[in-house]
Structure formats: C-alpha cells, structure tokens
Amino acid sequence: MAETTGAIAGGKDAPQASVVFDIAKRKKAKRTVTHWLRTSVYGNLRFQGERDIARDDGVSDRKDEFASYLGVVGRANIARGVTGFVHGEVSLKDKQTHARSYDRIMQPQLKEALLSVALTDRTQVSVGRLRFSDPHKWVANASVDGLHFAHRSQGRALEFAAVSGTRDITADYLIAHISDTDPVRRIGLFAIAERDGSQRRLHLSTYRFAQISERFSYQLNAGVVMGDAAQDRSYGVGVDVRAHQELSTGRWNPQITYGVAFGTSGFQQSGLHSNKTYDGGQTQFHRYGYVFQPELTNIAIGTLAYGLRPSRRFSMDLGLHAYLQPSRSTIGPEARIKGTTTGNARFLGSEISLAGAWRPGKKSKMEFGVARFTPGSAYSDRSKARRVYARISYYF
C-alpha cells in the first residue's frame, strides 16, 4: 500500500501513516454531476469453477457459478469538511453443482454508506457503514457498521473505532491502532477487543514494513489472541513474514516472493481479516493459497512465488504453497477445502496457482486465476481440488 500524502482534509505534502479507514481512499467517483456531487457506475462479469472442494463422501463434486454485478458509487461534498459516501451493488447469480441447478438469485448489497467529518485538517470522524483495511490486510479487511476516529500528525496516526460486523461477521469490536512511518519503513500496533455472542477475545498484533534496499523489502505481521481462542484454548500466537526481491529492472520486472506463516492451535485472527494481498501486482489474491485458503490455526505455510510486473496494465504470479499441521489432529484446518484429517501425519498438502490481471484501458480490467490443491498424508481423502476464476470489469 502506497503511503498517503497530505493531511486527511488535504493540505500538507508530508508522508502520513496508514489508517484502517480513509475517506480519501474510497472507490473513485469519476463523473461530475454538480460541483458538489460525483458518481461512478461499473459492471463486471465473473465465473468461478471448483472441483472436489468437499471430500470424504466418495463423490467427485463440482460447482460452477456465473455472476454479474452492477455497482454505483457516489461522493457528495455536503459542506466544508463534511463528505458523504455511498457504494451499492446488485448481483445476479446462476449456480450449478454436480447434484442440482439453483434458481437465479438477485441480491442487493450496501457495501458502504457513511458520513465523514473533518474536525481539523488532521482529525477525522466517520460514522456509518465503513470499509476497513489495514496496510497488509492481515488484521482488517471488511465492511463494518459503527464509528471511527483518526488523528494524523506528520508520519504518525492514532485511531479508535467501535464497530459491528456485517454479513457473515457476527461480532462487535473495539479497535485501537497506532502507526508510524518514514520513507523506508512502517510499523504499527493493533489492540482489538472482540465480543462474539458469549465469547470474548483480545487480539494484540503488530506489523512492520521495511525497504532494505532498492530491490528487497519485507513485511512482518505477528499477533496473539487471548480469551476464548480457537480449539478451546485460552491463547494462541500467529506470525506471517513475506519478503519481495526484485530480480532486475528490465522489461518484465520479475520478482520473487518468499513467505512463511505459522499459527498455533489456539490462534485465530480478528474475523475482520481476509488474508488477501496485492504483492505489488494489479490484482489481489489469497496469500495462503488460491484453492485451499486456510485460516491460520494449527498450521504452518511456506510460500514461493515468481511474479512479473512489466507495467501498470499487467501482472502475473506463479505461486507454490506447502502446508503442515504443527500438532497432529483429527480436526482439519478451517479452510475452503473441507475434509477429515487422520491425526497420524502432519503434511496437509501443496498447491500451485497462477493469478494475474490485465488492464486493456483506463475503464476496463480482466482478472484470472487457476490453481490445484494436492492433499497430503494428513487427509483421509486424497482427491485433488481445483479452482478456476475469471472476472471482467468495466467502468461506465
């Protein structure tokens, strides 16, 4: 994520630390309706095909889903320092599985609807449905309802939030975040109190990004959860380290990504996370595997990826992931792949994936992904799982 320049309400051209919500970084409204109102309309088509995602039932299952989306974005400068923002979307989906065909489903979704007020040129209060996203998307990357406060000084930010999850996120959260930045590194700390029904959890985490040289950088995420942690534990620890090495500055700008992630049996993330990443490319993808997509609980993950970055219009990543259970268990990891583990082995399997994006023009974008997961000796069913994904987007 690029550094923010200028204060929240505009003005100073100094590097600013990242916050999880920034009104200036919302989806762009490109068409001027009046001097105070701007809008955008976009549409996209998506196909997703999956094979053998569920296992242990002796059935070679499949799912094919076609979807179309129509979205509207509006940004209104209501008064000096007061901004209203709304982002709504309607989807139309067709789904078929090996067992049945589903009726076509139309579903509206209010992704964001908020009012943001600049109290000073460095202090902002926002209320409504907000899209949270931390610098590495490891702690927060979700839509929430509630109140957010942020104050920035040069190179530093402090923020607080009281929010509730939306859609599949059922918990309530109190969030505190402090971050600091300079031209070559960024560091931050999160404290998140979570209430999910009768369960209570406290998440403490830190992140650091550092540019070691012109061609080598790394990012570190680490956290601890206490209270009602995963798998009936009272606490858990998780770590994620990724390094990026640019191999040359030639036409294709190749890079290698090295990644290691580890979560103990009790570790679980905030529930606001998605574990997606851009890694400098034109499309985001799941950092722990395109098919498998595990949660970071009782699992160790190694990643090696080769990427091409020839321009701002095209990027592609070929990735390899390997998965282990540090503690043998008959409970498989919480992941996109569903299946029973034997408890006699640690090796969960491996995945190879290819993901990328191409921007033919300023108003269009094509994204693609294809991957295969090969189960290891820890699984009872060794059927290979596959996923194919394609999306075409256009801004009107």
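The values are calculated or read from the model by the stated rules, or taken from the named source; none is laboratory data. Just so you know, these numbers come straight off a predicted model, no measurement behind them. Virtual Cβ from ideal backbone geometry, glycine too; neighbours counted across all protein chains shown. Quick note on the areas: whole protein, heavy atoms, side chains included, nothing else; ligands and nucleic acids left out. Shrake-Rupley method; radii C 1.70, N 1.55, O 1.52, S 1.80 Å.
Looking at Leu296, Leu308, which one is among the aliphatic types (A, V, I, L, M), at pLDDT 90 or above and closer than 17 Å to Asp134 by Cβ?
Leu296
Could you look through the range 245-266, keep only residues that are polar (S, T, N, Q) and in a loop (DSSP other than H, G, I, E, B), and pick out the one that is nearest to Ala355 (Cα to Cα)? Show your work before the answer.
Within the range 245-266, the first condition is being polar (S, T, N, Q), and the residues that meet it are 245, 248-249, 253, 255, 257, 264-265.
From the residues that got through so far, the ones that are in a loop (DSSP other than H, G, I, E, B) too are 248-249, 253, 264-265.
Working: Ser248: 21, Thr249: 22, Asn253: 16, Thr264: 29, Ser265: 30 Å.
If we take residues in the range 245-266 being polar (S, T, N, Q) and in a loop (DSSP other than H, G, I, E, B), then Asn253 is nearest to Ala355 (Cα to Cα).
Any chance you could count how many residues in the range 334-368 are under 19 Å from the mean Cα position of the chain (by Cα) and under 21 Å from Gln269 (Cβ atoms)?
So the count comes out to 4.
Any idea which of (1) polar (S, T, N, Q); (2) on the phi > 0 side of the Ramachandran plot; (3) at pLDDT 95 or above is the one Ser205 doesn't satisfy?
So the condition that Ser205 fails would be (2).
Can you name the strands (runs of 3 or more DSSP E) wholly within the range 146-232 that have at least 2 residues being of a type in the set (D, E, K, R)?
Filter on the range 146-232 gives 156-165, 172-182, 185-196, 199-213.
Cβ-Cβ distance below 8 Å, separation of 6 or more or different chains: which pairs start in the range 81-100 with a residue that is at negative phi and of a type in the set (Phe, Trp, Tyr) and end on one that is modelled with pLDDT under 95 and not in a strand (DSSP E or B)?
Between residues of the range 81-100 that are at negative phi and of a type in the set (Phe, Trp, Tyr) and residues that are modelled with pLDDT under 95 and not in a strand (DSSP E or B), the close pairs are Phe85/Ile23; Phe85/Arg26.
With (1) crowded, with 20+ Cβ neighbours inside 10 Å; (2) assigned to a strand (DSSP E or B); (3) among the aromatic types (Phe, Trp, Tyr) as the list, and Tyr69 as the residue in question, which single condition is left unmet?
Every listed condition holds for Tyr69 apart from (1).
On the given criteria, is Thr83 part of a strand (DSSP E or B), open to solvent by less than 60 Å² (accessible area, probe 1.4 Å) and hydroxyl-bearing (Ser, Thr, Tyr)? Reasoning before the result, please.
On the way: part of a strand (DSSP E or B): yes; open to solvent by less than 60 Å² (accessible area, probe 1.4 Å): yes; hydroxyl-bearing (Ser, Thr, Tyr): yes.
Answer is yes for this residue.
Does the range 371-381 contain at least one residue that is closer than 13 Å to Ile53 by Cβ and at pLDDT below 90?
Within the range 371-381, one or more residues are closer than 13 Å to Ile53 by Cβ and at pLDDT below 90.
Criterion first (among the hydrophobic types (A, V, I, L, M, F, W, C), under 19 Å from Pro294 (Cα atoms), open to solvent by 50 Å² or more (accessible area, probe 1.4 Å) and out of contact with any helix residue (DSSP H, G or I) (no Cβ under 8 Å at 6 or more places or on another chain)) does Val241 satisfy it?
Spelling it out, Val241 is indeed among the hydrophobic types (A, V, I, L, M, F, W, C), under 19 Å from Pro294 (Cα atoms), open to solvent by 50 Å² or more (accessible area, probe 1.4 Å) and out of contact with any helix residue (DSSP H, G or I) (no Cβ under 8 Å at 6 or more places or on another chain).
Restricting to the range 104-145, and then to whatever is open to solvent by 20 Å² or more (accessible area, probe 1.4 Å) and of a type in the set (D, E, K, R), can you tell me which residue is nearest to the chain's Cα centre (by Cα)?
Among them, the one singled out is Lys137.
Consider Thr32 against the criteria (1) within 21 Å of the chain's Cα centre (by Cα); (2) at pLDDT 80 or above: it satisfies all of them except one. Which criterion is unmet?
Only one criterion is unmet by Thr32, namely (1).
Of everything in the range 89-131, what is farther than 30 Å from Glu159 by Cα, part of a strand (DSSP E or B) and among the small types (Gly, Ala, Ser)? Give them in sequence order.
Ser91, Ser101
Among Ala261, Ala230, Ala222, which is the only one that is of a type in the set (A, V, I, L, M) and modelled with pLDDT under 90?
Ala230
Which is touching a Phe, Trp or Tyr at 6+ places or on another chain (Cβ under 9 Å) and within 18 Å of Phe66 (Cβ to Cβ), of Gln107, Gln96?
The unique qualifying residue is Gln96.
Of the residues Arg251, Arg208, only one is touching a residue at least 12 places away in the same chain (Cβ under 8 Å), open to solvent by 70 Å² or more (accessible area, probe 1.4 Å) and farther than 30 Å from Pro333 by Cα; which?
After applying the criteria, what remains is Arg251.
Looking only at the range 26-66, count every residue that is in contact with a Lys or Arg (Cβ under 6 Å, 6 or more places away or on another chain), small (Gly, Ala, Ser) and either over 25 Å from Pro108 (Cβ atoms) or open to solvent by 50 Å² or more (accessible area, probe 1.4 Å) (or both) and tell me the total.
1
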